Every structure is written in structure tokens, then in C-alpha cells.
1. Any idea how far apart residue 129 and residue 240 come out in nm if each label point goes 7 Å out from Cα toward Cβ?
2. By how many nm would the segment from residue 307 to residue 142 grow when fully extended, if each residue of separation counts as 0.36 nm and the alpha-carbon distance is taken off?
3. Please compute the volume of the convex hull spanned by the alpha-carbon atoms of the range 143-295 and report it per residue in Å³.
4. As a test, work out the antiparallel percent of DSSP beta bridges whose residues both lie in the chain, rounded to the nearest 5.
5. Tell me which GluC sites (Glu not before Pro) from the range 97-193 have a DSSP coil assignment and no more than 16 other beta carbons within 10 Å of their own.
6. Rounded, prolate or oblate: which fits the chain, taking a ≥ b ≥ c as square roots of the Cα gyration tensor eigenvalues, rounded meaning a/c under 1.5, else prolate when a/b beats b/c?
7. Please give me, ordered by residue number, the GluC sites (Glu not before Pro) of the range 290-331 that lie in loop per DSSP and have at most 12 other Cβ atoms within 10 Å.
8. Output the pairs from 76/101; 76/260; 57/315 with a Cα-Cα distance over 32 Å in this structure; if there are none, say none.
Amino acid sequence: MKESEGMTEEEKKGTNPSDPDRASPEEFVDLRPRRLADYIGQRQVVETLEIAVQAAKQRKEPLDHILFHAPPGLGKTTLAHIIANEMGVHIVTSSGPALEKGGDLISILTHLEHGDVLFIDEIHRLPKVVEEFLYPAMEDFCIDFIFDKGAHARSHRYRLERFTLVGATTRAGLLSAPLRERFGILRTLDFYTVEELAQVVRRSAAILGIPIDAGGTEEIANRSRGTPRIANRLLKRVRDYAQIRGQGRIDRRIADEALKLEGVDEMGLTSLDRRFMETIIRYYRGGPVGLEAIAATLQEEADTLVDMVEPFLLKIGFVARMQNGRKATERAYQHFGISYPDSGRQLTLPPRKKETP
């Protein structure tokens, strides 16, 4: 039985974020903004979306299809929900790995109403057979069915309501050219500045009712890896620490103690980041070394390193991508207190410290 069978009409349609009486899907407070005006950061992206939304509403047309590319946690899903809210339409969410067969996608497409938003996360992971159903759906708003085979084959074209596809990907290079070219709006989201992350922390703290001063805000923002999702996660962990070990208020000292306990250093590096860098420096003499070799040494999936570790290390200049692999930079050696090989000799890493549980 298909996933959509046995579902109520509202379940098939998802939720309407424009409904002010709609309860949050979770009992706890949702920290995501619901309007473009409340969205922090990504100013150029937000401005272009504001223009596109206003123009589409004036013409009483659905938005063009939109593709967002960014590392995890930078707001792709949030923007998709905001777009649906601003347009006053329903949003239906899915992901590339979840749509295994053409029938899975067809079931969703045939239940969309005029102007609805279909959000597909990890769209680069769509199976080829499913992706091919998207081509006519995106371009001509129809699906072609073929019945029987050989001389008895018959085709039938099913008309769809006009909809907006919002795709999100962390790996734009893995998208096929035919799919990528069918998006009318393509935007890349950047890492956040410390100042923007401080705004995120202040806003979330106010929503959650967490007392926090400027020092505590700055400490969390500095260690959030340029990523709002991480900033909100760290804020909640520091809140717990302040509640049990402090007086319930977050200041710089409380934030520092809590984040050290979480294994997050002053630059936002985690245990996995440090192991990644240690592997390149300790086992492969600073590189260059292939990603698969690093993944095998760490016993981690290569995709995990590409999506969760590398983007931030590249951003802060700790890793350089070479033709023949990854190489630790001089800045990385300095951070770990090791002499850079160009200085004339290669020093070994100091003894590995036991990670804080």
C-alpha cells in the first residue's frame, strides 16, 4: 500500500503555515522564523526571495521552482516553509532517499493544489527513475503514464495543478544538468558571521525565556561554526548546564564551562573535527591524502566528512583541497601547537588528550 493511502486529506496535504491558529507540530517552542522579515542573515538571498514572492502574488501565479544549495543547518528547510507561508499555500515535505519509486512521487504530485510548495530535501539523492518523472512535472505540469508494452503500449497525460518545487542540496555538483536547469531560482546560502549568530542566539533565548548576557551570547556564537542550527542546539545545552550548575542565567563563564563539557573548543571544533585534523597530520604527515583514506582511518562514512566536517574546516582555513587529496594548512598546525613542515622539520603531535565525555 502506498504511503498516501489511508491518510486523511490534511495529512496528504501537509500543514498550512499561513494559518495563525495552527499548532506547532511539536509541543515545545518552534524557533524557526515564519516570515522573510524575521529571517536573520542571507540578506541577498532574502531580498531576491522577497521580490520573487511579491511579484508572483501580484500576478496571482505560483513561484518559479527554487533550488537552495548549502551545508547542513544554514536554513534551507526554514526558507522553504517561509516561502509557503508568505504565499499562503500548503507545503508538502519529502526527501530524495524517501522517494524510492516513481509512484511515491506521483502520489504526492497528484494531490497538490494550485500554488502548493513541494519541498524535497537532499534532492541530489533522488533515484534516476523518480527524477525523470519530475522533468515534465516541473516544466509542463503534467505526468505521462504508459500502459502495456510493445505494440499495445498506450500513453496517457495527466494534468497537474501548477506548483512550486523547492529543492535543497548539500551537494549541488551531484545534481544532473537536466534537473538543475529546470529551476528558475538558484541560490547558495553562506555561513553566518559571528554577529548574525549572536542575533540568532538572542532571538532564540528570548523565545525560550533564557536569561543570557552579552558575554554568554558571544561565547555561543563564536563556537557555532557559522551555523544557526548549531547555535540553537548549543544554546539549549548551555541552558541545561546553567539550570543545574549555575543560577539559571547564562554568562560567558557558564557558556565556556558548558561548551567545554560538550567537547566544543573556542573555535567550534568538535571531537570529530580534531580527529579529522589529527589523522591528516599524525598519520599522513600533513597530506595531501584522499578523503576515502581519511574516512577509513576514522571509521566514518566519507559522506559524513564531506557534509559535516569539511565545509567548516575549509571555511576557517584548516584544510586545503588539492588535486590529489586534502592537506593540513599552516594555520591548522599553529592551532594544534605543531611546527609546520616547511619550517625544516616535522614534529609529532603531543600525546592525545582524553576527550571530555
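Quick note: the coordinates plus some simple rules give every number you see, no bench work behind them. In this text, all values refer to a predicted model and were calculated from it rather than measured experimentally. In this analysis, Cβ positions are derived from the backbone assuming ideal geometry, glycine residues included, and neighbour counts consider all displayed protein chains.
1. Between residue 129 and residue 240, the simple spin-label model gives 4.3 nm.
2. So the chain would gain 56.0 nm between residue 307 and residue 142.
3. Hull volume over Cα atoms, normalised by residue count, gives 228 Å³.
4. Bridges in the chain that DSSP calls antiparallel: roughly 40 percent.
5. Filter output for the range 97-193: 100, 113, 161, 181.
6. In terms of gyration-tensor shape, oblate.
7. In loop regions of the range 290-331 (DSSP not H, G, I, E or B), the sparsely surrounded GluC sites (Glu not before Pro) are 301.
8. Over 32 Å apart, Cα to Cα: 57/315.
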